[in-house]
Amino acid sequence: MSNAWLAAIAALTGAVVMVLELMAVRLMAPWFGQSQPVWTSVIGVVLASLAAGQWLGGRWAEARRGPRPALLLLLAGCWSIALPDIVAWLGSAVMPAELPLLEAYPFVTWGSLLVSVVSLGLPLLVLGAMTPWLVQVSTEVRQMPGRVTGRILGAGTLGSLVGTFGATHLLLGTLGSSWAVRVAGALLLVVALVVARLEGRRTGGAGALLGLFLLPVAAAFLPAAGPMKGTLLETRETPYQLARVVEWEDGTRALQLNEGLDSFHSLYNPEKFWSGTYFDAFLGPAFLAPRSADGERDVLVIGLAAGTMARQILEVDPDVRVRGVEIDSGIVELGRRWFDLPDAVDVVEGVDGRIALVADSARYGAILMDAYAQQIYLPAHLCTEEFFASVRDHLLEGGVAALNLGGLGREDPLVSAVAHTFNAVFGNAVMGRVPGTRNMLLMGFRGPAPRPAQWEAALSQVAFPPPEGGVGGLSWFWSSKVLSSVGDVSEVLLRDGRAPVEALAHESWQGQLVQESALENPVIDAGSLDLARQWIAQTRWSAAEAILREVVLQSSPENQASAHLLLGNIAFERGRFGEAVQEYRAAEAAVGRENPDVRGTTVTAQANIELALSSMERAERLAGRRGRVQIGVLAALGAGLTALLVLVGRSRRLN
């Protein structure tokens, strides 16, 4: 083969490697998302496979025996065409149905590694073996080995560069990830036939060739369950993520991104106003916003998504001027089509939230922030001291900034760090968990913070729709039982260039908690249980626990039983189900099962025990399945290493 052909084949190989690497993450997104652990799994497997292939290909090329370039290209091409179906089959087999996001971390990490090894290991090893073969078949290699090697490697790297940009900016937008991979595989098949013709050699036995060509056909029949509940209305791959619009049984439409799990980024039900989720909570700060000089409210939403917050605000008061910022234009289009995103919303799309804010000279009565990336990450540059200072500077005097934080409470590592940073800028921040959700609402004010009574007075002037079936309303909003001052929840201050939000998010995802300083020698009186209940509502679990431990030691059996129930609730919130069961049983023991005066306590304890035991069983099932996934990873790695050693042994005999 001529030098031009060798360079072209090397360039194509390099381009396909990058297409497979980049698109593999997108193919896995419906099951595992695109978080850092998934990227780590894919990149790690790609690098390990290329290294093994280059080493093994060098031995084959030196012996001039073993699979030659045409057969290697044919194998990689057939496998690439089958890759989307293989990933879908493995992904649905690995991920449990309806897995909650908070319990998904081990499945995402180990599951993505297993799928990466099985689906990417072989084609990347084969493509890695191409480089030494191309060097070896060059007619100039013996006279100019350095120049030939450099030319092949350089062509491969340039091809990788083309594949990187082409996959993201051309193939993904026009074909989608599945067909991008299949087109890359088809190109490998065409080049394999050309190489076989140029070499004047057969590519292999008839049976082997038939098996390779049937591989994509067989893969198309692999069973693969859909990764979502409900009816799929539309799927769209944007430059940023995989977006799906799903309709649930009650008619609610949900925007789910990447793995989705039990999370959503926008909701819309034509028959309902209140969503019963954290979106409703943002109506509070939106209508606490002071009016501009012309008497109207101006509200900015950073992280608009499909527009749930904006739509709710305008349904309450069509005269509010709402501007939304959304970096993903594809999501805005879905909002217009499926989520009734009003035309009155001034949407700044395709622009990062921080850039849009810096370029905006306007000042707002309220700035609402709900920007998440890859499901679990707050973008690092959108939760630093510098960014929050810019938010404050864009508020009118008396204006309010509100931030959605995914997390169970103050003891969540990410929640505590972001809240501490936010409070360092505003100095008057309040925080609380939105009832019935895993979302924390964080608010800060430019100027003196209004008192809850002022919140109630202001919001009582707004014509909110009445609650629907017990869902809705903001009475909890001005209750001191939920929202409270941020205080010293953390020592971590996030700043530009020093904002480890990914690490904090992973700690949160794994259930790690930051222990708040507990009270030393708390004074126990008649109001201690009520205070503990209030602190539990504010997710100040450590402080509440300190009081309850003293109540258990010092109070009457009835109060001891109540304290044990509350301690069980704290343990349940922390995911310590065995400890929760012990506390609930201690509550029963404190008053006795047959005591009619405390029958309510006994019934509550029994119901809580059943719930905790059910949660324990689910956790054990997930742990068992997680163990099987881990064993699968080890088995796949072991099988791959064994196959590699067998091939190495054969190459030694060839030499």
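Here are the numbers:
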quantity	calculated
Residue 102 being in contact with a Phe, Trp or Tyr (Cβ under 8 Å, 6 or more places away or on another chain), buried (at least 21 other Cβ atoms within 10 Å of the Cβ) and not basic (Lys, Arg)	no
Subset of region 293-306 (residues that are farther than 15 Å from residue 353 by Cβ and either touching a strand residue (DSSP E or B) at 6+ places or on another chain (Cβ under 8 Å) or among the aliphatic types (A, V, I, L, M) (or both))	293, 296, 297, 298, 306
Matching residues in region 62-86 - criterion: being basic (Lys, Arg) and over 19 Å from residue 12 (Cα atoms)	64, 65
Test: residue in region 260-269 that is among the aromatic types (Phe, Trp, Tyr) and more than 25 Å from the chain's Cα centre (by Cα)	no
Criterion violated by residue 295 - all others in (1) in contact with a Leu (Cβ under 9 Å, 6 or more places away or on another chain); (2) surrounded by fewer than 17 Cβ atoms within 10 Å (Cβ to Cβ); (3) at positive phi satisfied	(1)
Of residues in region 398-434 being under 22 Å from residue 496 (Cα atoms) and among the β-branched types (Val, Ile, Thr), the one surrounded by the most Cβ atoms within 10 Å (Cβ to Cβ)	418
Residues of region 135-160 classified as surrounded by 14 or more Cβ atoms within 10 Å (Cβ to Cβ) and not charged (D, E, K, R), total	15
Residues of region 435-445 that turn out to be touching a strand residue (DSSP E or B) at 6+ places or on another chain (Cβ under 8 Å) and either surrounded by fewer than 21 Cβ atoms within 10 Å (Cβ to Cβ) or not small (Gly, Ala, Ser) (or both), as a count	7
Boolean, residue 163 is small (Gly, Ala, Ser), surrounded by fewer than 17 Cβ atoms within 10 Å (Cβ to Cβ) and at pLDDT 85 or above	no
Among residues of region 330-353, those that are surrounded by 15 or more Cβ atoms within 10 Å (Cβ to Cβ) and assigned to a helix (DSSP H, G or I), counted	9
Region 328-355, subset without any contact (Cβ under 8 Å) to a residue 40 or more places away in the chain and among the small types (Gly, Ala, Ser), residue nearest to residue 302 (Cα to Cα)	350
Among the candidates 29, 52, residue that is assigned by TED's automatic domain parsing to the domain that holds residue 212 and either surrounded by fewer than 20 Cβ atoms within 10 Å (Cβ to Cβ) or out of contact with any strand residue (DSSP E or B) (no Cβ under 8 Å at 6 or more places or on another chain) (or both)	52
Within region 300-329, considering residues that are in contact with a helix residue (DSSP H, G or I) (Cβ under 8 Å, 6 or more places away or on another chain) and part of a loop (DSSP other than H, G, I, E, B), the one farthest from residue 463 (Cα to Cα)	327
Filter pass, residue 289 being buried (at least 23 other Cβ atoms within 10 Å of the Cβ) and in contact with a Ser or Thr (Cβ under 6 Å, 6 or more places away or on another chain)	no
Of all residues making up region 468-490, the number that are more than 25 Å from the chain's Cα centre (by Cα) and assigned to a loop (DSSP other than H, G, I, E, B)	13
For residue 360: the one exception among (1) more than 16 Å from residue 285 (Cβ to Cβ); (2) within 27 Å of the chain's Cα centre (by Cα); (3) in contact (Cβ under 8 Å) with a residue 60 or more places away in the chain	(2)
Tally, over region 310-334, of residues that are within 21 Å of the chain's Cα centre (by Cα) and not charged (D, E, K, R)	7
Residues that are aromatic (Phe, Trp, Tyr) and within 13 Å of residue 239 (Cα to Cα), drawn from region 164-183	165
Matching residues in region 336-358 - criterion: being closer than 15 Å to residue 308 by Cα, touching a strand residue (DSSP E or B) at 6+ places or on another chain (Cβ under 7 Å) and not aliphatic (A, V, I, L, M)	338, 339, 340, 346
Qualifying position, being assigned to a helix (DSSP H, G or I), modelled with pLDDT of 90 or more and closer than 26 Å to residue 571 by Cβ, among 417, 458	417
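The values are calculated or read from the model by the stated rules, or taken from the named source; none is laboratory data. Computed from a predicted model, the values in this text were never measured in an experiment. Neighbour counts run over all protein chains shown; Cβ positions are idealised from the backbone, glycine included.
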